[in-house]
Structures are given as C-alpha cells and as structure tokens.
Amino acid sequence: MISYKPQLVNILKQLALVFVIYAVCRLLFFAFNKFYFQELTVWELCALMFYGLRFDAFSIAALNSLYILLCALPFKFYYSKPYQKTTSIIFIVTNGIGILLNCIDFAYFPFNQKRTSFDAVNLVFGGQSEFIKLLPHFFTQYWYVIIAFVLFMYCLIKFHYKLKQSQQLIAIDFSFPKLLSQFLLFCITAGITIIGIRGGLQRIPIVLLDAANYTKPNYISILINTPFSILKSADLTELKPLAILSEAEQKQYYSPIHPADTGTFKATNVCVIILESFSKEFTGISNRKSYTPFLDSLMSQSVVYTNAIANAKTSINGIPAIVASMPCFLENHYLNSMYSNNRLQTLPNILKEKGYSSTFYHGGTNGTMNFNAFAPLAGYDNYYGRSEYNNDEDYDGQWGIWDEPFLVKTSQNMSTLKEPFFTSIFTLSSHNPYKVPEKYHGKFSKGTLEIHESVGYADYALKQFFNEAKKQAWFNNTLFVITADHTAESADPFYSNLIGQYNFPMILYKNGITAKQEARTVQQIDIMPTILDYLNYDQPYYSFGKSMLVDSKQPAIYYNSPVFYCVQDSLFYIINNNHFVEAYNYKKDSLLTQNILPSLQTKELQNFCNAYIQTYTNDVINNKTYYDNKK
C-alpha cells in the first residue's frame with residue numbers, strides 16, 4: 001500500500017502555482033489597461049486581488065477538475081510513466097487555455113471594456129474566416145500578449161515538472177483504517193473541487209452578477225478573470241447582430257441619446273416606489289372593482305398615466321427597466337445574462353454626479369433575485385433589506401419583512417439620508433403566496449383572486465408609508481414615482497390578453513402638483529428620462545425611453561419570446577421576424593378579435609420598431625448602452 005500524502009501535496013502545490021499565475025495576470029490586465037481605471041487606489045487594487053481569489057477558485061477548479069480527479073485516485077498506477085505523462089498534458093493544456101484567455105484580454109479589453117464572454121468564442125469559431133486572415137495583424141500589433149503568454153507557459157511547465165520530480169513513492173503497511181482514511185480524503189478532495197466550481201456554499205452557484213458584491217461596476221473586469229466570464233456566459237443565450245436597416249437608416253429613425261436639458265437643474269429628492277405585481281386592473285382607473293382605496297385617493301392628487309405598459313413580466317427584468325431604462329429583449333433575464341456586467345447609465349449613477357445619495361430598499365431576504373448584487377452595479381450607495389431591517393419579528397416566513405412595518409421603517413430611515421437623495425422602494429407582500437399578517441385577517445376584501453387580499457394589504461401599507469413620510473422634513477421636496485415591477489394574473493378577458501396583461505398604474509406625485517390624467521401610451525423605461533426631464537438634467541444621456549412630460553409619439557415596445565409587441569395610442573401590433581403580422585384597435589376591440597393590419601399604413605412605424613430593436617441588440621452586444629462623453 002502506498003502513502004496518499006505525496007499525491008495530495010502535489011495537487012495543492014500545482015494549484016497554488018496556477019493561483020499565482022492568475023494573480024499576476026490580474027495585475028498585468030490592470031497595468032495594460034490602466035487608462036480605464038485611473039481612479040483606482042492602491043487599497044482598492046489590493047481588495048480586488050483578494051476578492052478575486054473567489055473567482056479564480058471557480059476557474060481553476062473548473063479547468064482542473066479532471067486533473068484533480070486523476071491525481072487524487074489513491075492507486076499505485078498514479079506513479080507510472082504513461083499516467084504521469086497523461087496528467088501532465090491535461091494540466092498544461094487546460095491551464096494553458098485559461099492563461100491564454102486571460103492574456104488575450106490584456107489587448108481586447110479596450111474594444112468592449114469588459115472581459116471576453118462566450119459570444120466572442122462563437123465569433124472566432126463560428127465559421128468567420130476573416131479572423132484567420134486577421135491573425136498576422138493581431139500578432140504584429142499585440143506582440144506583448146504573445147510574449148506574456150510564452151513566459152507564463154514557460155513558468156507553468158518548468159515549475160510543474162519540478163514539483164512532480166519532488167514526489168516520492170512512499171510505501172506504508174496495509175490496514176483497513178488507512179484505506180478508509182484514503183477514501184475519505186478522496187471524497188473530501190472531490191467535495192472541495194465541487195465547492196470551488198460552485199463558488200462557495202451559498203444556495204445558488206456563483207454567477208457573473210455576484211462580482212458586483214465586491215467592487216464598483218467599472219472595476220468588475222479587474223476582479224473577475226476571463227475563463228470565469230466565458231464559462232459563466234457559455235450557457236446563456238447570446239444576441240445575434242442585426243442589420244435589418246442600414247446604419248444610416250437606423251440613425252434616421254431612432255437614437256437612444258437624449259440631449260442635455262437647457263433649464264436650471266433642480267436638486268429635488270426622488271423616490272421611486274415599485275409595487276409588487278400591481279396590475280392596473282386592481283385600481284380605480286381600471287373601471288372595475290378597486291382593491292386600492294389609498295392609491296385611488298393619491299391618484300386624485302397626482303399626474304396619472306392611464307395607459308402605462310410594463311416592459312417585463314418578471315421582477316428581475318422590471319427593475320432594470322425602471323432604474324436604467326433598459327428593456328429586456330433577451331431569452332435570459334438581463335441580470336442573469338452574459339451582458340449583466342455591461343456598462344449602463346442608471347438613475348443612481350447619473351444623479352450621483354449631481355451630489356445625490358442613493359439607497360435601494362427591499363424587505364426581501366438579502367440575495368433574493370440578486371437585487372443586493374444589482375444595487376451596487378446600478379450605482380446605489382446602499383442596499384437596505386431584511387438583514388439591515390434587523391428585526392425578524394416582522395418576518396413573513398416566506399419572502400421577507402411585511403410591507404407595513406418595512407415601509408414605515410423605510411420612511412424613517414430616509415430621514416437619515418444625505419439630501420438630495422434618490423431612493424427606490426420595492427414592496428413584496430403582494431407576491432405569491434399572497435399572505436397578510438394574522439392581525440389583518442378579514443380586514444381586506446378577498447375578491448375573486450387569491451392576490452386581491454394581499455393587494456389590499458399592500459395598499460394599506462403604502463398609506464402608512466405616506467402618513468409617516470408627511471411627518472418628515474424631506475417630504476415636501478420629494479417627487480414620488482409610483483409604478484409596478486410587473487402585472488399579476490387575471491380572470492378578466494381584457495387583462496388576460498396580450499396587451500391587457502401588461503397594463504399597470506403609473507403615477508407622479510409631489511405635494512402641490514397639478515393633478516391630471518394622461519391617456520398617452522407610456523412604459524416603464526420612460527421613468528428614467530421623465531425624472532431627468534423633471535430635474536432639468538443638463539447632460540446628454542443614454543435611454544431607450546422618453547420623457548412622459550412631453551407629448552412624444554414614441555410607441556411602447558416589449559418582448560415575449562419569440563415575438564415583439566408594439567403599442568401606439570389605441571393600436572396594438574404584433575411583430576414577428578421584423579414585420580408586423582397583426583394589428584388591433586384594442587380600445588374598440590378589447591379582446592383582439594379583428595385583425596386590421598391590411599387597412600393600415602405601417603411602413604414608417606415598422607421601420608422605427610426595427611431601428612429601435614436593432615439599436616438595442618447591437619448596442620448591448622457591443623457594450624454601448626451608455627452615453628460616451630469622450631466622443
């Protein structure tokens with residue numbers, strides 16, 4: 001029987017060597033691209049080096065899993081020359097690939113300002129012969145990448161064989177306890193490898209968005225490594241570049257760049273309240289039974305948009321639409337896609353330039369839907385969730401803190417914020433399983449759907465928030481935008497169809513605002529440009545929405561794979577394969593029974609929609625969803 005110790009020691013030494021190389025790669029990545037990280041301090045770089053170990057552990061464990069398994073088998077054949085040669089080849093090839101990918105981003109980063117993802121792999125190996133033709137040019141222009149890779153491979157190979165030569169076969173007496181201990185050590189080694197691939201013991205395996213928990217969005221590319229970026233984006237659906245219109249036609253019909261406002265900037269506080277699963281159907285503006293008496297009364301003192309369209313059917317897509325004016329035209333959720341670390345212009349980071357502080361309030365358990373990771377990525381200074389609330393006596397046993405106590409505490413907490421501030425408040429009690437606190441059983445109408453009672457409770461909680469807010473010094477200088485993340489289920493024929501199921505309330509309230517109702521079509525992504533318009537924001541910015549304060553004719557466009565939908569005034573269009581295929585006047589034909597497309601002139605609108613979708617697709621692919629003030 002042979003001793004198991006030399007094999008395990010060798011594995012540890014070989015992996016430690018790879019960790020060192022990854023750390024040096026991170027430093028060189030920063031050095032070669034220092035221009036893009038000019039504000040990074042030494043201490044922040046040290047923190048990135050430390051926290052980057054978690055992402056390195058994933059890549060190293062994933063790439064070396066076969067090598068670890070083969071070297072951890074507690075058998076004598078491990079020392080045979082053919083077996084040693086095989087494991088050496090596996091170690092050198094797999095780690096060579098990882099090192100090469102890291103080195104490539106020394107030069108490739110400036111082109112898309114993020115780590116290479118799986119879409120670039122498809123570009124190279126997707127039959128595009130131009131890449132082969134360009135190789136001589138790449139080798140000439142980026143010679144330093146080749147030199148760096150060669151040096152890394154020299155060190156990897158030299159130290160790999162040197163470490164292997166130090167191994168010694170040690171014979172030990174056979175015994176059942178020793179055999180059992182070797183088996184247990186093998187299981188532990190396999191278990192640690194699996195933990196490394198998962199990125200830790202947390203409930204959900206590590207994803208691209210987790211990088212936002214450790215650093216500012218613009219430093220994420222230093223924190224992670226290229227194999228991590230590629231492997232984590234490999235199972236995500238990539239967008240394909242579109243060329244429906246020429247570039248000149250695309251720009252003629254649509255541009256997401258909003259010009260600077262000419263007015264004087266107003267440093268008004270802004271509070272965006274996002275109501276979980278609040279359909280227009282549940283409120284008084286639906287002309288049906290209302291379950292929201294407080295919201296109805298508030299709407300009588302507000303600017304209300306009665307034809308508001310949600311850009312998503314899930315919270316994880318609704319939040320970026322509201323905060324960053326970013327719709328989701330992807331098969332994956334935007335926050336879980338390979339583009340989740342793209343650079344965005346959001347309300348928190350735009351207003352931060354004007355001295356605003358910002359906080360994202362959500363009573364859910366920290367980690368729910370990755371909102372605590374999205375918050376720093378979007379530029380929020382703080383995230384305030386169940387952990388920060390710090391009183392589980394108000395825990396609902398399912399999602400987080402009941403809306404009423406959480407909203408009252410939120411109102412009080414906002415008084416501690418530096419003004420001007422931007423806050424987002426996301427409720428949760430009207431989420432399935434639609435529970436209400438026991439003390440309120442029987443207080444709210446149960447209605448005809450399970451959700452109705454919890455909507456009544458959420459409305460009551462909102463009332464308590466405003467009652468508390470009116471006592472605070474910041475209240476009179478705060479613009480409130482009240483919206484929904486998405487809509488809920490319905491038993492109503494209209495609110496169950498392709499347009500009705502996207503209708504939600506959109507409300508602007510400020511103490512003393514002139515109340516009115518607007519029937520124009522608006523959408524979630526209009527919230528950001530509306531707020532910036534209200535504040536007279538004096539810089540250009542990037543947004544797919546338009547200000548609701550102006551009489552814009554831009555339609556609402558949303559996506560539910562594989563079809564796009566367009567709403568303009570009373571007309572509802574279905575878009576498939578870049579063409580309108582159906583159209584309905586939903587205000588006269590609410591059940592969408594009569595296709596009137598043949599009677600309509602749609603060329604200009606169809607070109608606009610194609611330009612809009614093409615702009616979104618190509619800008620997301622190329623990480624250009626922001627205004628570049630260096631142009």
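The values are calculated or read from the model by the stated rules, or taken from the named source; none is laboratory data. A quick note: this is a predicted structure, and the numbers were derived from the prediction, not measured. Note that each Cβ is placed from the backbone with ideal geometry, even for glycine, and that neighbours are counted across all protein chains shown. We work out accessible area using only protein heavy atoms, side chains counted, and drop any ligands, DNA or RNA first. Shrake-Rupley method; radii C 1.70, N 1.55, O 1.52, S 1.80 Å.
For residues that are surrounded by 15 or more Cβ atoms within 10 Å (Cβ to Cβ) and free of Cβ contacts under 8 Å to residues at least 60 places away in the same chain, tally how many sit in the range 47-63.
1
Looking only at the range 601-631, count every residue that is open to solvent by 20 Å² or more (accessible area, probe 1.4 Å) and either touching a helix residue (DSSP H, G or I) at 6+ places or on another chain (Cβ under 6 Å) or of a type in the set (D, E, K, R) (or both) and tell me the total.
Within the range 601-631, residues that are open to solvent by 20 Å² or more (accessible area, probe 1.4 Å) and either touching a helix residue (DSSP H, G or I) at 6+ places or on another chain (Cβ under 6 Å) or of a type in the set (D, E, K, R) (or both) number 9.
Filter the range 418-471 down to the residues that are open to solvent by 10 Å² or more (accessible area, probe 1.4 Å), part of a helix (DSSP H, G or I) and more than 21 Å from His486 (Cα to Cα) and list them by number.
Glu438, Lys439, Tyr440, Gln464, Asn467, Glu468
So how many residues does the range 384-418 have that are small (Gly, Ala, Ser) and under 21 Å from Lys463 (Cβ atoms)?
3
Can you tell me how many residues within the range 192-209 are over 21 Å from Leu335 (Cα atoms), open to solvent by 30 Å² or more (accessible area, probe 1.4 Å) and not in a loop (DSSP other than H, G, I, E, B)?
3
Only one of Phe494, Phe504 is buried (at least 21 other Cβ atoms within 10 Å of the Cβ) and either under 32 Å from the mean Cα position of the chain (by Cα) or touching a residue at least 12 places away in the same chain (Cβ under 8 Å) (or both); which?
Just a single option satisfies the conditions, and that option is Phe504.
I'd like the residue in the range 100-155 that is of a type in the set (Gly, Ala, Ser) and under 29 Å from Leu344 (Cβ atoms) and, out of all such residues, is modelled with the lowest pLDDT.
If we take residues in the range 100-155 being of a type in the set (Gly, Ala, Ser) and under 29 Å from Leu344 (Cβ atoms), then Gly126 is modelled with the lowest pLDDT.
With the checklist (1) in contact with a Leu (Cβ under 6 Å, 6 or more places away or on another chain); (2) free of Cβ contacts under 8 Å to residues at least 40 places away in the same chain in hand, flag the one item Glu388 doesn't pass.
Only one criterion in (1) in contact with a Leu (Cβ under 6 Å, 6 or more places away or on another chain); (2) free of Cβ contacts under 8 Å to residues at least 40 places away in the same chain is unmet by Glu388, namely (1).
Yes/no matrix, rows are residues, columns are (1) at pLDDT below 95; (2) over 22 Å from Ile557 (Cα atoms); (3) open to solvent by 30 Å² or more (accessible area, probe 1.4 Å):
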position	(1), (2), (3)
Thr264	yes, yes, yes
Thr283	no, yes, no
Asn287	yes, yes, yes
Leu298	no, yes, no
Ser315	yes, no, no
Gly318	yes, no, no
Ser325	no, no, no
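Restricting to the range 210-257, name every residue that is β-branched (Val, Ile, Thr) and assigned to a helix (DSSP H, G or I).
Ile220, Ile222, Thr226, Ile230
Being touching a Ser or Thr at 6+ places or on another chain (Cβ under 8 Å), of a type in the set (Asp, Glu) and either at positive phi or at pLDDT below 95 (or both) narrows it down to one residue among Glu247, Glu331; which is it?
That would be Glu331, the only listed residue that is touching a Ser or Thr at 6+ places or on another chain (Cβ under 8 Å), of a type in the set (Asp, Glu) and either at positive phi or at pLDDT below 95 (or both).
How many residues are open to solvent by 60 Å² or more (accessible area, probe 1.4 Å) and touching a His at 6+ places or on another chain (Cβ under 7 Å) when one looks only at the range 541-564?
Residues meeting the conditions: 0.
Working carefully through the options Tyr395, Tyr380, find the one that is surrounded by fewer than 18 Cβ atoms within 10 Å (Cβ to Cβ) and of a type in the set (Ser, Thr, Tyr).
One residue alone meets the criteria, Tyr395.
Looking at (1) open to solvent by 40 Å² or more (accessible area, probe 1.4 Å); (2) more than 37 Å from the chain's Cα centre (by Cα), find the lone condition where Ala72 falls short.
Looking at each condition in turn, Ala72 falls short on (1).
Can you name the residue in the range 1-27 that is among the charged types (D, E, K, R) and more than 27 Å from the chain's Cα centre (by Cα) and is also least open to solvent (accessible area, probe 1.4 Å) among such residues?
Lys13
Considering only residues that are open to solvent by less than 80 Å² (accessible area, probe 1.4 Å) and among the hydrophobic types (A, V, I, L, M, F, W, C), look in the range 28-46 and name the one that is nearest to Asn102 (Cα to Cα).
Once the filter is applied, the top-ranked residue is Phe29.
Please work out which residue is farthest from the chain's Cα centre (by Cα), limiting yourself to the range 541-599 and to residues that are modelled with pLDDT of 95 or more and β-branched (Val, Ile, Thr).
Looking at residues that are modelled with pLDDT of 95 or more and β-branched (Val, Ile, Thr), I get Ile596.
Based on this model, can you work out whether Ile230 counts as more than 30 Å from Ser490 (Cβ to Cβ) and surrounded by fewer than 17 Cβ atoms within 10 Å (Cβ to Cβ)?
No.
Open to solvent by less than 10 Å² (accessible area, probe 1.4 Å), of a type in the set (Phe, Trp, Tyr), in contact with a helix residue (DSSP H, G or I) (Cβ under 6 Å, 6 or more places away or on another chain) and farther than 21 Å from Lys624 by Cβ: is that true of Tyr334 in this structure?
no
Within the set of pairs 6+ apart or on separate chains, which have a first residue in the range 516-540 that is touching a residue at least 40 places away in the same chain (Cβ under 8 Å), a second that is surrounded by fewer than 17 Cβ atoms within 10 Å (Cβ to Cβ) and part of a strand (DSSP E or B), and C-beta atoms under 9 Å apart?
These pairs meet every condition: Pro540/Ile257.
Mind listing just one residue for me: the one in the range 75-117 that is open to solvent by 30 Å² or more (accessible area, probe 1.4 Å) and among the basic types (Lys, Arg) and, of those, nearest to Leu156 (Cα to Cα)?
It comes out as Lys85.
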